[in-house]
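Student: I am attaching a structure below and will ask some questions about it afterwards.
The values are calculated or read from the model by the stated rules, or taken from the named source; none is laboratory data. As the structure is a prediction and not an experimental result, all values here were calculated from the model. Every residue, glycine among them, receives a Cβ derived from its backbone with ideal geometry; neighbour counts consider all protein chains shown. Surface accessibility is based on the protein's heavy atoms, side chains included, excluding ligands, DNA and RNA. Shrake-Rupley method; radii C 1.70, N 1.55, O 1.52, S 1.80 Å.
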Amino acid sequence: MRILIVEDHADIAESIGEYLEQRGHAVDYARDGLSAMRLATQETYDVLVLDRLMPRMDGATLCARLRGEHGLTAPVLMLTALDTLPDKVAGFDAGADDYLVKPFELAELYARLTALHRRATNRVATPQLTAGDLVLDTRTRELRRSGRLIPLSPTLGKLLEHLLRNAHRIVPREELEYLLWGDQPPDQDFLRAHMHKLREAIDRDQPRKLLHTYRSVGYRLADIEGA
C-alpha cells in the first residue's frame, strides 16, 4: 500500500510510518491540513490516515473537501483524541471510513488499514452517481432523469455533482459557496439563485422531489422516503 499519514505530532507520525514501512508499505507524511491537501490531490494513495485536530485545516474539513471538491475515493482512517459520539459522527459525516481513538495499538491501526484497503480494492467502480431516477454519468457529464436528458451549465453541474457525492448528509451553504467561489463569496445570495435553477432543472413537473432545502442550514440532493 501507499499511505499518506497526516499527523502534526512528529513522534506519532514516525511511529506509524516505521511500523508500516517495516511491513513493506510506502509512506508519505504531512504535518498540517494544507500540506496534506496538496499531497492528496497531486499524488495517488491507497489509504489516508488523518489526525482529527491539526493546524491550518482540521481533519474533518480536509476529508470533506477531498471527498467533495476533488472526488477522492481512497479510504480514510481518522485518528482522534475526541472520543464522544458527536465527534465520531462528525468524522463519518465528513467522509471518513473508519475512526480510531488515541491512544491506540499499532497492530490495530494496521489491521484497520488493511481491511479498508481490501474493501476498496474489491469495490466495483462505477462512473454513475444517482439519486432515485436521477443519473449523472461522471465520464460524459450527461444528466438524465427518467431517461430524459437534462442540460446543465458548468456551475450547476458542479453543484449537482457535489450534492450527489454527499447525498448521505445535508451540505451546508458555506460549503457550497466555497465550492463555487473559494474564500471570496459574493455579497449577494447568488447561491440561492443557482439552487433555484437547479431545482427547476431536475424537479420541475416531477411528483417526487429530490432537492431538499433545510432553511438556514443547507441543501441535500437525495431520494428521501416520504418526500
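Student: Find the relative contact order for segment 81-227 and round it to a whole percent, using C-alpha pairs within less than 8 Å whose residues are 6+ positions apart.
Tutor: It comes to 19 percent, rounded to a whole number.
Student: Report, by chain and number, residues whose modeled amide H sits under 5 Å from the one on residue 99, excluding near sequence neighbours (fewer than 5 apart, same chain).
Tutor: Result for residue 99 returns 78.
Student: Just the accessible area per residue of segment 132-227, please: how many Å² with a 1.4 Å probe?
Tutor: Spelled out: the 1.4 Å probe surface of segment 132-227, per residue, equals 60 Å².
Student: To check my understanding: the extent here is largest minus smallest coordinate of the Cα atoms along each principal axis. What are those three numbers for segment 132-226, in Å, largest first?
Tutor: Result for segment 132-226: principal-axis Cα extents of 37, 31, 22 Å.
Student: If you don't mind, there's one more thing I want to ask. Nearest-5 percent of antiparallel DSSP beta bridges in the chain? All intermediate terms of the calculation are to be shown ahead of the outcome.
Tutor: Working: 15 of 32 bridges.
Of the beta bridges lying entirely in the chain, close to 45 percent run antiparallel.
Student: Using +1 at the Cβ of each Lys and Arg and -1 at the Cβ of each Asp and Glu in the chain, identify which of 162, 224, 106 lies farthest towards the dipole's positive end.
Tutor: Value computed over the given set: 224.
Student: Please list, or write none, the lysines whose alpha carbon is within less than 24 Å of the alpha carbon of residue 102, excluding same-chain residues fewer than 8 places away.
Tutor: 88
Student: Leaving out same-chain residues fewer than 8 places away, which lysines sit with a Cα under 26 Å from that of residue 197?
Tutor: Straight-line reach from residue 197, under 26 Å: 158, 209.
Student: Using a simple charge model, +1 on the beta-carbon of Lys and Arg, -1 on the beta-carbon of Asp and Glu, nothing else, what dipole does segment 121-227 show about its Cα centre, in debye to the nearest 20?
Tutor: Approximately 320 debye in magnitude.
Student: Mind checking the per residue accessible area of segment 3-123 for me, 1.4 Å probe, whole number of Å²?
Tutor: With all protein chains present, segment 3-123 gives 47 Å² per residue.
Student: Same structure, new question: Using the crude model of +1 on Lys and Arg Cβ and -1 on Asp and Glu Cβ, and no other charge, please compute the dipole size for segment 63-137 relative to its Cα centre, in debye to 20.
Tutor: Taking the Cα centre of segment 63-137 as origin, the dipole is about 200 debye.
Student: I'd like to know which of 131, 77, 146 lies farthest towards the positive end of the charge dipole of segment 75-148, counting +1 on Cβ of Lys and Arg and -1 on Cβ of Asp and Glu.
Tutor: So the residue furthest toward the plus end is 146.
Student: Continuing with this model, one more query. Specify the angular offset, from 0 to 90 degrees and rounded to the nearest 10, of the alpha carbon long axis of helix 106-122 from the longest principal axis of the alpha carbons in the chain.
Tutor: 40 degrees
Student: Let me have the relative contact order for segment 101-170, percent, based on Cα pairs under 8 Å that are six or more residues apart.
Tutor: 18 percent
Student: Distances longer than 29 Å among the Cα atoms of the chain: what percent of all pairs is that?
Tutor: Of all Cα-Cα pairs in the chain, 34 percent lie more than 29 Å apart.
Student: For a label point 7 Å from the Cα of residue 225 along Cα→C-beta, name the residues of segment 157-175 whose backbone N is under 20 Å from it.
Tutor: Answer for this model: 167-170.
Student: Further, regarding this structure: Could you calculate the contour length gain from residue 141 to residue 217, that is, 0.36 nm times the residue separation minus the distance between their Cα atoms, to one decimal place in nm?
Tutor: Length gained, residue 141 through residue 217: 24.5 nm.
Student: What are the semi-axes of the equivalent ellipsoid for segment 13-148, taken as the square roots of 5 times the Cα gyration tensor eigenvalues, largest first, in whole Å?
Tutor: For segment 13-148, the ellipsoid semi-axes come out as 29, 17, 15 Å.
Student: A further question on this structure: What translational D, rounded to a whole number of µm²/s, comes out for segment 6-55 from Stokes-Einstein when the hydrodynamic radius is the Kirkwood one over Cα pairs, at 10 °C and 1.306 mPa s?
Tutor: 141 µm²/s
Student: At a 1.4 Å probe, what is the % contribution of carbon and sulfur to the accessible area of segment 1-136?
Tutor: The computed percentage sits at 51.
Student: By accessible area of protein heavy atoms, probe 1.4 Å, what ranking do 168, 212 get, highest first?
Tutor: 168, 212
Student: Now for a different question. Might you report the magnitude of the Cβ-based charge dipole of the chain about its Cα centre, with Lys and Arg at +1 and Asp and Glu at -1, to the nearest 20 debye?
Tutor: Computed about the Cα centre, the dipole is about 1140 debye.
Student: If I fit a long axis through the Cα atoms of helix 10-21 and take the longest principal axis of the Cα atoms of the chain, what angle between them do I get, 0 to 90°, rounded to 10?
Tutor: 90 degrees
Student: Given a 1.4 angstrom probe, I'd like the percentage of the accessible area of segment 172-227 that is carbon and sulfur, rounded to a whole number. Walk me through the intermediate numbers first.
Tutor: Details: 1680 of 3710 Å².
That fraction is 45 percent.
Student: Could you give the radius of gyration (one decimal) and Dmax (whole number) of the Cα atoms in segment 85-181, in Å?
Tutor: Looking at segment 85-181, its Cα Rg and Dmax stand at 17.5, 53 Å.
Student: Quick one: which residues, 5 or more positions from residue 47 or on another chain, have an amide H under 5 Å from its amide H? H modelled 1.01 Å from N in the peptide plane, none for Pro or chain starts.
Tutor: Under 5 Å from the amide H of residue 47: 2, 4.
Student: Tell me, in nm to one decimal, what length is gained between residue 128 and residue 192 on full extension, where the rule is 0.36 nm per residue of separation less the Cα-Cα distance?
Tutor: Answer, rounded to one decimal: 20.4 nm.
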